[in-house]
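Chemist: Sharing a structure with you now.
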Amino acid sequence: MFMFEKALHGGRGYWAWMTALLAVACAGAWSYGVQLQIGLGVTGLSRDITWGLYIAQFTFLVGVAASAVMVVLPYYLHDYKLFGRVTILGEFLAISAVVMCGLFIVIDMGQPSRALNVLRYPTPWSMMFWDMVALGGYLVLNVIITRVTLEAERNGVAPPGWIRPVIVLSIPWAISIHTVTAFLYNGLPGRSFWLTAMLVPRFLASAFAAGPALLILLCLALRRRWPLRIPRAAIGSVAVIVAYATAAHVFFLLLEMFTAFYSQIPEHVQHFRYLYAGLEGHAALVPWMWTSAGLVTVALVLLLVPATRARDATLAAACAAVFISLWIDKGLGLIVGGFVPSPLGAVADYVPTVREVAITAGVWAIGAAMVTGFFKITAGVRASDR
Amino acid sequence: MRDRVLILCGLGLFLAVVTWPAWRTLASAPAPPPELARPVGSTRCVAPVEFMRASHMTLLVQWRDRVVRDGVRTYVDRDGREVRMSLTGTCIGACHTDKTKFCDRCHDYAKVTPTCWNCHVVPPAGPPAGGVR
Amino acid sequence: MNPGRRVFLRMAGSAAVATAAGAALGCVASEARRRRLGMAIDVQKCVADNGCRACIDACHRAHNVPAIPDVRHEVKWIWKEPFERAFAVEDRDTVTASLRGQPVPVFCNHCDNPPCVRVCPTQATWARDDGVVTIDEHRCIGCRYCVAACPYGSRSFNWVDPRPFVPAPLSAYPTRTRGVVEKCNLCEERLAVGQLPACVEACPERAMVFGDLRDPASNVRRVLAEQYSLRRKPELGTRPQLYYVI
């Protein structure tokens, strides 16, 4: 039914990759076992900085999941035929990202055995409740969509008519999952770094830059090895989307900085100062933030200049730079920056522990294995295409 | 079928492994039923014994939600007695004063580990503290 | 109109009026009954020298709060902050001498409009009718959303099992387990048996006055009527119910 058997045929390279991912996932699972025993104290989190690497990954990956809309919308709403072969890859990436989000949420919980309390005691005034609903719904939508459209492709027929409204529904739904994730942060009166309506457009812009950038990297890497049948022009169009989204992201970031530094309200300035210059001797994130700034600047240039956007090597470099830059900015920068300084003005550092990194890497390995498997299945279906 | 022997061996091994708990229990001597110490502070429980044997967790969860979520601390039992709803104050404190000779006996026999004791602090075994009004 | 129908309508009408009146009276009556608990804390009375910890020790003892040496994993229900930190005063030099560096006891404000309650996805934390913001430790999933939402840093998470750090726990009150959030509960278990909160009772200077903020004749209201008080971060709309008399 899900054509999983197509993921079981591969060369040595494929199996070496999957085995390596399995090893990383096992290491992560082992570390998580330790965390279950001892508690979240095995992480670098503290009384002042209560969300860190795990929630950072969750926030970033919701964006990656939402980014499927950037290829789905042009194809299904505007008949942009060039994306015909790409939409399903975006949707598969979305499924993998949502699964990773779910894993990170559970991993971050202090009492994961009570996770179902969110469903047992639905709380419509809590954004976390709606986040669970939105992400769960998005996962179901994409599983149905990929299954139906890929099966139709394998059978050489057009997908059934009823799938179209389901796909069209996934478009506003994708926007909503990342909006509601931003709502988790920007409705908290005590966290001035996050208390801005701009957080929603910032989230969306960075999502639509990072997600398609990853999609481009995957397509560039795999289109010659596997018969994915993705036209180079399609990748070129996605690159244009990444270019504009990256430009929007940088613009929005600068807007935030203007408001903070021109108004000079300490509550707004302090968080940026901590991230980009350090506060009271604490400067752990400064090199990261400047690396992120440097990477996104280089990426923006490479993406905006048509010649570099057209060449595979420079495009890949730009996309990798965008992805890493946004991973730093939206992950560590946004989350940790929101907690420092604390409500009482305390400045602390957050350094993830080895176990924390191992668990995180384990989840990424699971996501990577899912993406690899899904792309292999797609390639398997398309191998018999003419 | 060349693989018939291999398949049958595999199936046999699987069945053996999967039924291991059953025939291991059958083979070993039966565990003696737990011997429970009699309660000290009272001769009548807040609920019938058969009910408590089967569903004391239901009562405890009800008590828990009444105290924690509704702020109501008094329970009127079937005899009209007013009882303070408290695991450590009434159940343990007033009657089953030695948890190791009562609660733990059945829990160990049935191999259940209730998480209540992670938080609820058991008073040292001794004369009943009197949580029953 | 059929006489039976007329009688019915008359009865329905009077029943409706009676119900409305009863509901209105009921509302008024329950308003009158409903207390709003809070405190007035005299900041100047808090002992600056000799590191008095009476309120902290009383609270932490009564509630089996663990004493965890690793400051990252600290759990605290009540503690003291210097005045400038508690009220976000930037320029220390211009602060009144009597308040400069003055320790201020800080703990959960039991806000009238608590953001922590708004965000909890399982209703593990909620505000009672009398204003106490409380936590159901059995339901908390440890997501720490409430910790992020609290503008005062009042909440602590159990990063590790707290039991080893509570040397002789009292059986009158449970400990918590790892993976849940805890904070000051306004001694609701003591209030239930007619006692004052532990911190209020323990303070040697009687710096804390506890009572019903809705009752104009209560001690706490009389203190607030006579002396100027501050609340922490009032601009956030949380309506904290701890009033600091400075």
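Chemist: Determine whether segment B:12-25 contains at least one residue that is touching a helix residue (DSSP H, G or I) at 6+ places or on another chain (Cβ under 7 Å) and assigned to a helix (DSSP H, G or I).
Modeler: First pass over segment B:12-25, keeping only residues touching a helix residue (DSSP H, G or I) at 6+ places or on another chain (Cβ under 7 Å): none.
No, segment B:12-25 has no match at all.
Chemist: Another one. What about A:A310, is it hydrophobic (A, V, I, L, M, F, W, C) and open to solvent by 10 Å² or more (accessible area, probe 1.4 Å)?
Modeler: Yes; evaluated as a whole, the condition is true for this residue.
Chemist: Residue check, B:M52 against (1) surrounded by 10 or more Cβ atoms within 10 Å (Cβ to Cβ); (2) closer than 17 Å to B:H107 by Cα; (3) away from chain C (no Cβ under 14 Å); (4) in contact (Cβ under 8 Å) with a residue 24 or more places away in the chain, all met but one. Which one?
Modeler: Evaluating B:M52 over (1) surrounded by 10 or more Cβ atoms within 10 Å (Cβ to Cβ); (2) closer than 17 Å to B:H107 by Cα; (3) away from chain C (no Cβ under 14 Å); (4) in contact (Cβ under 8 Å) with a residue 24 or more places away in the chain leaves (4) as the failure.
Chemist: Given the condition within 21 Å of the chain's Cα centre (by Cα) and surrounded by 15 or more Cβ atoms within 10 Å (Cβ to Cβ), answer yes or no: does some residue in segment A:272-280 qualify?
Modeler: So far as segment A:272-280 goes, no, none of its residues is within 21 Å of the chain's Cα centre (by Cα) and surrounded by 15 or more Cβ atoms within 10 Å (Cβ to Cβ).
Chemist: Here's another thing I want to ask about it. When you scan segment C:151-162, do you find a residue that is among the β-branched types (V, I, T), within 14 Å of chain A (Cβ to nearest Cβ), over 28 Å from C:V43 (Cα atoms) and touching a residue at least 60 places away in the same chain (Cβ under 8 Å), even just one?
Modeler: yes
Chemist: Another one. Tell me whether segment A:102-123 contains one or more residues that are among the basic types (K, R), under 23 Å from A:A174 (Cβ atoms) and open to solvent by 10 Å² or more (accessible area, probe 1.4 Å).
Modeler: no
Chemist: At pLDDT 95 or above, open to solvent by less than 40 Å² (accessible area, probe 1.4 Å) and in contact with a Pro (Cβ under 6 Å, 6 or more places away or on another chain): is that true of C:V181 in this structure?
Modeler: Criteria not met by C:V181.
Every residue, every condition in (1) touching a residue at least 12 places away in the same chain (Cβ under 8 Å); (2) away from chain A (no Cβ under 14 Å); (3) in contact with a strand residue (DSSP E or B) (Cβ under 6 Å, 6 or more places away or on another chain); (4) hydroxyl-bearing (S, T, Y), yes or no:
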{"site": "C:T177", "(1), (2), (3), (4)": "yes, no, no, yes"}
{"site": "C:V180", "(1), (2), (3), (4)": "yes, no, no, no"}
{"site": "C:C187", "(1), (2), (3), (4)": "yes, yes, no, no"}
{"site": "C:V200", "(1), (2), (3), (4)": "yes, yes, yes, no"}
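Chemist: In this structure, does A:V148 turn out to be within 30 Å of A:G11 (Cα to Cα) and either within 14 Å of chain C (Cβ to nearest Cβ) or not in a helix (DSSP H, G or I) (or both)?
Modeler: When the stated conditions are applied, A:V148 does not pass them.
Chemist: Please go through segment C:119-132 and pick out each residue that is open to solvent by less than 10 Å² (accessible area, probe 1.4 Å) and either within 22 Å of A:F183 (Cβ to Cβ) or facing chain A (nearest Cβ under 7 Å) (or both). Step through it out loud before you land on a result.
Modeler: Pass one, segment C:119-132, residues open to solvent by less than 10 Å² (accessible area, probe 1.4 Å): C:121-122, C:124-125, C:131-132.
If the condition is that a residue be open to solvent by less than 10 Å² (accessible area, probe 1.4 Å) and either within 22 Å of A:F183 (Cβ to Cβ) or facing chain A (nearest Cβ under 7 Å) (or both), then C:P121, C:T122, C:A124, C:T125 are the ones that fit.
Chemist: When you scan segment C:90-116, how many residues do you find that are in contact with a helix residue (DSSP H, G or I) (Cβ under 6 Å, 6 or more places away or on another chain), open to solvent by 10 Å² or more (accessible area, probe 1.4 Å) and within 14 Å of another protein chain (Cβ to nearest Cβ)?
Modeler: Looking only at that region, the number is 2.
Chemist: Only one residue in A:L334, A:L315, A:L295, A:L326 is surrounded by fewer than 23 Cβ atoms within 10 Å (Cβ to Cβ) and aliphatic (A, V, I, L, M). Which one?
Modeler: Answer to the selection: A:L295.
Chemist: Something else about it: Here is a list: A:T259, A:T246, A:T196. Which entry is part of a helix (DSSP H, G or I), hydroxyl-bearing (S, T, Y), over 20 Å from the mean Cα position of the chain (by Cα) and more than 14 Å from chain C (Cβ to nearest Cβ)?
Modeler: Details: A:T246 fails: over 20 Å from the mean Cα position of the chain (by Cα); A:T196 fails: part of a helix (DSSP H, G or I).
Every option except A:T259 fails the conditions.
Chemist: In addition: Here is a list: C:F83, C:F87. Which entry is under 15 Å from C:L230 (Cα atoms) and within 11 Å of another protein chain (Cβ to nearest Cβ)?
Modeler: C:F87
Chemist: Given the criterion more than 14 Å from chain C (Cβ to nearest Cβ) and among the aromatic types (F, W, Y), identify the matching residue among A:W130, A:W162, A:W125.
Modeler: A:W162
Chemist: Scan segment C:189-216 for residues that are open to solvent by 70 Å² or more (accessible area, probe 1.4 Å) and over 19 Å from C:L170 (Cα atoms) and report the count.
Modeler: Of the residues in segment C:189-216, 6 are open to solvent by 70 Å² or more (accessible area, probe 1.4 Å) and over 19 Å from C:L170 (Cα atoms).
Chemist: Here's something else I'd like to know. Being at pLDDT 95 or above and part of a helix (DSSP H, G or I) is the filter here; which residues of segment A:153-172 pass it?
Modeler: Passing the criteria: A:I163, A:R164, A:P165, A:V166, A:I167, A:V168, A:L169, A:S170, A:I171, A:P172.
Chemist: Of all residues in segment A:251-285, how many are under 30 Å from A:L315 (Cβ atoms) and out of contact with any Leu (no Cβ under 6 Å at 6 or more places or on another chain)?
Modeler: Keep residues of segment A:251-285 that are under 30 Å from A:L315 (Cβ atoms), which gives A:251-257, A:275-276, A:285.
If we keep only those that are out of contact with any Leu (no Cβ under 6 Å at 6 or more places or on another chain) as well, we get A:251-257, A:276.
Total satisfying the criteria: 8.
Chemist: Might you check whether a residue that is open to solvent by less than 60 Å² (accessible area, probe 1.4 Å), within 14 Å of another protein chain (Cβ to nearest Cβ) and either in a helix (DSSP H, G or I) or at positive phi (or both) occurs anywhere in segment B:104-124?
Modeler: Looking through segment B:104-124, at least one residue is open to solvent by less than 60 Å² (accessible area, probe 1.4 Å), within 14 Å of another protein chain (Cβ to nearest Cβ) and either in a helix (DSSP H, G or I) or at positive phi (or both).
Chemist: Continuing with this model, one more query. Can you find even one residue in segment B:66-85 that is open to solvent by less than 40 Å² (accessible area, probe 1.4 Å), more than 18 Å from C:L191 (Cα to Cα) and in a loop (DSSP other than H, G, I, E, B)?
Modeler: Yes, segment B:66-85 contains a residue that is open to solvent by less than 40 Å² (accessible area, probe 1.4 Å), more than 18 Å from C:L191 (Cα to Cα) and in a loop (DSSP other than H, G, I, E, B).
Chemist: Another question about this same structure. Inside segment A:15-62, can you point out the residues that are open to solvent by less than 10 Å² (accessible area, probe 1.4 Å), away from every other protein chain (no Cβ under 14 Å) and aromatic (F, W, Y)?
Modeler: Within segment A:15-62, just A:F60 meets the criteria.
Chemist: Counting just the residues of segment A:177-190 that are open to solvent by 10 Å² or more (accessible area, probe 1.4 Å) and part of a loop (DSSP other than H, G, I, E, B), which one comes out farthest from A:R273 (Cα to Cα)?
Modeler: A:G187
Chemist: On the given criteria, is C:V160 on the phi < 0 side of the Ramachandran plot and in contact with a Phe, Trp or Tyr (Cβ under 8 Å, 6 or more places away or on another chain)?
Modeler: So C:V160 does not fit the description; no.
Chemist: Regarding C:H60, is this residue more than 12 Å from chain A (Cβ to nearest Cβ), within 30 Å of B:P124 (Cα to Cα) and surrounded by fewer than 22 Cβ atoms within 10 Å (Cβ to Cβ)?
Modeler: yes
Chemist: To continue, here is another question. Under 14 Å from A:V98 (Cα atoms) and at pLDDT 95 or above: is that true of A:L139 in this structure?
Modeler: When the stated conditions are applied, A:L139 passes them.
The values are calculated or read from the model by the stated rules, or taken from the named source; none is laboratory data. Computed from a predicted structure; not experimentally measured. FYI the Cβ positions are ideal-geometry reconstructions off the backbone, even for glycines, and counts take in every protein chain you see. Quick note on the areas: whole protein, heavy atoms, side chains included, nothing else; ligands and nucleic acids left out. Shrake-Rupley method; radii C 1.70, N 1.55, O 1.52, S 1.80 Å.
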